[in-house]
Amino acid sequence: MVTETMPHLESATVGVWVGAGARSERPEEHGISHLLEHMAFKGTRRRNARQIAEEIEAVGGEINAATSVETTAYYARILKGDLPLAVDILSDILTESVFDPGELEREQHVILQEIGAAYDMPEDHVFDQLQQSAFPGQPIGRPILGTPETVKGFTPEALAGYLGGHYRGPVMVLAAAGGIEHADVLRLAEERFGGIGNGAAPAIETATYHGGSWREERDLHEVQITLGFEGRHYTSPDHYAAQVLAATLGGGMSSRLFQEVREKRGLCYSISAFHWGYADTGLFGVHAATGEGDVDELVPLMLGEIERISGDLAADEVARAKAQMRAGLLMSLESPTSRASSLSRQMLIHGRPLTAREIIARIDEVGVEQVRRLAADIFAGSPPTVAVIGPPDVSVDPDLVARRMGSPRKAA
């Protein structure tokens, strides 16, 4: 358990973050983490689905949940005096859910619609395919929502078995931030979560980045292009340098890609770079959305900026990126939800909360030469991943990307 008192606030966020997500699933369980998150709100031994919603909203609060590749979160935002109710409801949905067959069937139908909606948004779907192509045939590469076939096949027994096997004390963190006192949260946690099992959760499958290529033909006005490379895991000495690299390359209006591709050339509406860190690997990527007629000019320009950054990255670019990161961190501390989420992730990753001063010190340690070296390692050291959605005559040759970057075409 971890808390942070923000005495000037009248509100608080309390939640449970579980170190189990999409990559915790076996092939036949694909999508069960996300379905379980949905079903947690669909009835317990003490409350039905309507009572869960009505009780929290009767005090002006809100309750929500989210599933990611490596974690699942359940959290409530309430006024500070309603902390006991929020903890009671959270413990109820995580320890007393009944998985009623009727509710399950309805929620499976809802998720099938969610899967369809995700497919209908190519700007989102292309990221799923980038991840899947980067890590083919592995849990870390599979879309979080699952497939219609797997989602329709889950039973109440499967949900209960997955919850019992993966929602274990050592990989669960109760976090609270806002107008709360640590002693109060501790007392409530001991009362309501004392029965959580303490056995070890199943180990996740080790991830191996491969790289690859994927393209889907659609009659779109805007082509979706993503390029990916192997990134760094979140405990790597280069983790913060990778974040700085992403920011300098495509993290804002002053970034290289935005200035060169959009501002100077007007070749796309949106372009960005990102870095996703995981427990044992990472994914560095660039995304652009552009018109069909601009692809042939856009792609070489993107590759040129990616290629050059390891050689001519300047100190002022790094300084701007670090300033953005520091500001983003400090601004997030003003939100109890963001703070509780950050604390829980730090506990799951590091086993302790990191202070803002400690994180800022790690950001400040990143230098120009470290980012340059990392850029060369990332772009020339791993085979590229390419994912594109667009008209039939639009494609991005992964061999061209590999040649330009000097990177291997296939993983060893």
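Some values worked out for this structure:
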item: Every pair of residues 6+ apart whose Cβ atoms lie under 8 Å, when the first sits in region 352-372 and is over 10 Å from VAL244 (Cα atoms) and among the β-branched types (Val, Ile, Thr) while the second is open to solvent by less than 50 Å² (accessible area, probe 1.4 Å) and assigned to a helix (DSSP H, G or I); result: ILE359/LEU329; ILE360/LEU329
item: Scope region 311-324; condition touching a residue at least 60 places away in the same chain (Cβ under 8 Å) and open to solvent by 40 Å² or more (accessible area, probe 1.4 Å); matching residues; result: GLY311, ARG320, GLN324
item: Qualifying residue in region 198-210 (condition: in contact with a Leu (Cβ under 8 Å, 6 or more places away or on another chain) and farther than 30 Å from HIS109 by Cβ); result: yes
item: Positions within region 221-239 being more than 20 Å from TYR119 (Cα to Cα) and assigned to a loop (DSSP other than H, G, I, E, B), in sequence order; result: GLY231, ARG232, HIS233, TYR234, THR235, SER236, PRO237, ASP238
item: Test result for SER342, of a type in the set (Ser, Thr, Tyr), touching an Asp or Glu at 6+ places or on another chain (Cβ under 7 Å) and within 23 Å of TYR278 (Cα to Cα); result: no
item: Region 275-306, residues that are in contact with a Lys or Arg (Cβ under 9 Å, 6 or more places away or on another chain), surrounded by 17 or more Cβ atoms within 10 Å (Cβ to Cβ) and assigned to a helix (DSSP H, G or I); result: ASP294, LEU298, LEU301, LEU303, GLU305, ILE306
item: Extreme residue, farthest from LEU333 (Cα to Cα), among residues of region 352-395 that are at pLDDT below 95 and hydroxyl-bearing (Ser, Thr, Tyr); result: SER395
item: Test: SER310 is in contact with a helix residue (DSSP H, G or I) (Cβ under 9 Å, 6 or more places away or on another chain) and of a type in the set (Ser, Thr, Tyr); result: yes
item: Residues satisfying the stated conditions in region 91-140, i.e. hydrophobic (A, V, I, L, M, F, W, C), in contact (Cβ under 8 Å) with a residue 60 or more places away in the chain and buried (at least 16 other Cβ atoms within 10 Å of the Cβ); result: LEU94, PHE99, LEU104, ILE111, VAL126, PHE127, LEU130, ALA134, PHE135, ILE140
item: The one condition in (1) modelled with pLDDT of 85 or more; (2) open to solvent by less than 10 Å² (accessible area, probe 1.4 Å) that ALA402 fails to fulfil; result: (1)
item: Count of residues meeting criterion [among the small types (Gly, Ala, Ser), within 19 Å of ALA76 (Cβ to Cβ) and either within 21 Å of the chain's Cα centre (by Cα) or assigned to a helix (DSSP H, G or I) (or both)] in region 178-194; result: 1
item: Lone unmet requirement of (1) farther than 19 Å from SER254 by Cβ; (2) of a type in the set (Asp, Glu); (3) in a helix (DSSP H, G or I); (4) in contact with an Asp or Glu (Cβ under 9 Å, 6 or more places away or on another chain) for GLU358; result: (4)
item: Filter result (at pLDDT 95 or above, exposed (fewer than 13 other Cβ atoms within 10 Å of the Cβ) and either in contact with a strand residue (DSSP E or B) (Cβ under 6 Å, 6 or more places away or on another chain) or polar (S, T, N, Q) (or both)) within region 182-225; result: THR206
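This table checks each residue for (1) more than 25 Å from ALA158 (Cα to Cα); (2) part of a helix (DSSP H, G or I); (3) touching a His at 6+ places or on another chain (Cβ under 9 Å); (4) among the polar types (S, T, N, Q).
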site: ARG47; (1), (2), (3), (4): no, no, no, no
site: GLY60; (1), (2), (3), (4): yes, no, no, no
site: ARG77; (1), (2), (3), (4): yes, no, no, no
site: SER91; (1), (2), (3), (4): no, yes, no, yes
site: ARG106; (1), (2), (3), (4): no, yes, no, no
site: ILE111; (1), (2), (3), (4): no, yes, yes, no
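For every residue, the table says whether it meets (1) at pLDDT 95 or above; (2) in contact with a Pro (Cβ under 9 Å, 6 or more places away or on another chain); (3) within 18 Å of VAL126 (Cβ to Cβ).
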site: ALA273; (1), (2), (3): yes, no, yes
site: GLY282; (1), (2), (3): yes, no, no
site: GLY285; (1), (2), (3): yes, no, yes
site: GLY293; (1), (2), (3): no, no, no
site: PRO300; (1), (2), (3): no, no, no
site: ILE309; (1), (2), (3): yes, no, no
site: GLN324; (1), (2), (3): yes, no, no
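The values are calculated or read from the model by the stated rules, or taken from the named source; none is laboratory data. Because the structure is predicted, anything quoted here is derived from the model rather than measured. Glycine gets a Cβ as well: all are built from the backbone with ideal geometry, and neighbour counts include every protein chain shown. Each accessible area value is taken on the protein alone, full model and side chains, heavy atoms only, with ligands, DNA and RNA left out. Shrake-Rupley method; radii C 1.70, N 1.55, O 1.52, S 1.80 Å.
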